[in-house]
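Written out below as C-alpha cells is the structure these notes cover.
The values are calculated or read from the model by the stated rules, or taken from the named source; none is laboratory data. Quantities reported herein were computed from a predicted structural model and do not represent experimental measurements. Cβ placement follows ideal geometry from the backbone for every residue including glycine, while neighbour counts extend to all protein chains displayed.
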C-alpha cells in the first residue's frame with residue numbers, strides 16, 4: 001500500500017513539474033519590460049505603486065518578462081536608465097520605463113548628448129509630459145481638467161470658503177496643472193480664499209515632500225484646523241498623514257483624495273481626483289508590444305483616463321455638480337494645454 005502511494009506521489013510531482021515548465025516556457029524572455037522606480041515606497045497612494053500594478057498585470061497577460069529595478073537614490077536610478085537605454089542587447093527587445101518625472105532633467109541632458117538610442121530593440125518611455133526628444137517616448141496624464149472640476153464642486157459646497165493646496169514640489173508639471181486647475185475652477189464664480197504651500201521651499205530635497213506623512217499628521221494638518229475648510233494635498237504618500245488626521249479628528253476640514261479613490265480612508269473625503277496610471281502604463285506596454293507606441297501621448301479626461309469619484313454619502317449633493325461641469329472641464333483642459 002505504501003509503495004502505491006509513493007508511486008502516485010511521484011507521478012503527481014512529475015506532472016506538476018511538466019506543467020510548471022510549460023507555464024514558464026509561455027513567457028517570452030527575449031521581450032522584456034524593465035521599470036526603474038524611485039527610492040520612494042510603492043504604497044497604494046503613490047503613482048509608483050499604480051505603475052507597478054499596471055506593469056505586473058500587463059506583462060503577465062502578454063507573457064513578457066518583467067524586471068523591476070529599485071535604486072537607493074535618484075542618481076543611481078538615472079545612471080541605470082542611461083546605461084540601459086544607451087545600447088541594444090543582442091537578440092532582446094526591451095521597453096525601459098522611467099516611472100517618475102524626477103528622472104526627466106537628467107535624461108534630457110544625456111539624450112541631447114546622443115547617449116540614448118531609439119531602435120527596434122530598445123525604447124525608453126518616461127512618465128512625464130514635459131520632456132520632448134526624438135529618442136524618448138512620454139506618457140502624460142494631465143491634472144488640470146479634473147482639478148478644475150474639483151475646484152468648481154468645492155466652491156459650491158456651502159461649508160467651504162477657504163482651501164489650502166499642498167504641493168510636494170511645483171517643478172512637476174502635473175502638480176502645477178492640478179494647482180492651476182483647482183484655483184481656476186474654485187474661483188470661477190465667486191471670490192474665495194486659497195493658500196498654496198510648496199513643501200520643497202523648506203525641505204532639504206526636491207522629493208522629500210512626497211514622503212512626509214508623519215510631518216503632515218503632526219504639523220501640516222493641525223495648522224489647517226480653524227483656518228481652512230478644505231485641504232488639497234498633491235504630494236504623493238504625504239497625503240496619508242492628512243487622511244489619518246481626518247480619521248482621528250473628524251469634522252475639522254475636508255481632504256480631497258488624489259491619485260486614487262480615498263473615500264474609504266476617511267469620512268471627510270467628499271471626492272477624489274483619480275489618475276488611472278495603471279491603465280495608462282498598461283496601454284503603453286501593449287502599444288509597444290504591437291509596434292505602435294506613440295512618442296508623446298497625453299491621457300486626459302476625453303477618454304476617462306482621469307476621473308472625479310464622489311464618495312457615497314456625498315453623491316446626492318455633489319454628483320449633479322460633477323455632471324454639470326464635466327464638459328466644460330474637458331474643454332478647459334484642452335485650452336490649458338495649448
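Got a number for residues in segment 201-237 being buried (at least 18 other Cβ atoms within 10 Å of the Cβ) and either in contact with a strand residue (DSSP E or B) (Cβ under 8 Å, 6 or more places away or on another chain) or at pLDDT below 90 (or both)?
18
Condition first: touching a strand residue (DSSP E or B) at 6+ places or on another chain (Cβ under 7 Å) and modelled with pLDDT under 95. Can you find one or more residues in segment 264-272 that meet it? Yes. Scanning segment 67-79 for residues that are surrounded by fewer than 18 Cβ atoms within 10 Å (Cβ to Cβ) and in contact with a strand residue (DSSP E or B) (Cβ under 9 Å, 6 or more places away or on another chain) gives 67, 68, 69, 70, 71. Only one of the listed residues (114, 130) is surrounded by fewer than 23 Cβ atoms within 10 Å (Cβ to Cβ), more than 30 Å from residue 191 (Cα to Cα), over 22 Å from the mean Cα position of the chain (by Cα) and not assigned by TED's automatic domain parsing to the domain that holds residue 318. That residue is 114. Of all residue pairs spaced 6 or more apart or on separate chains, none has beta-carbon atoms under 9 Å together with a first member in segment 179-200 that is touching a residue at least 60 places away in the same chain (Cβ under 8 Å) and a second member that is surrounded by fewer than 17 Cβ atoms within 10 Å (Cβ to Cβ) and assigned to a strand (DSSP E or B).
Just to be sure I understand, how many residues within segment 276-316 are part of a helix (DSSP H, G or I) and in contact (Cβ under 8 Å) with a residue 12 or more places away in the chain?
Total meeting the criteria: 17.
Could you pull out the residue among 309, 280 that is in contact with a strand residue (DSSP E or B) (Cβ under 9 Å, 6 or more places away or on another chain), surrounded by 14 or more Cβ atoms within 10 Å (Cβ to Cβ) and within 19 Å of residue 127 (Cβ to Cβ)? The match here is 280. Take the conditions at negative phi, crowded, with 19+ Cβ neighbours inside 10 Å and at pLDDT below 95 and apply them to residue 146. Does it pass? No, not satisfied.
Restricting the first member to segment 155-172 and to residues that are without any contact (Cβ under 8 Å) to a residue 40 or more places away in the chain, and the second to residues that are in a strand (DSSP E or B) and surrounded by 17 or more Cβ atoms within 10 Å (Cβ to Cβ), the beta-carbon pairs closer than 8 Å and six or more apart or on different chains are 170/198.
Residues of segment 205-226 that are more than 20 Å from residue 246 (Cα to Cα) and either over 23 Å from the mean Cα position of the chain (by Cα) or in contact (Cβ under 8 Å) with a residue 60 or more places away in the chain (or both): 206, 207.
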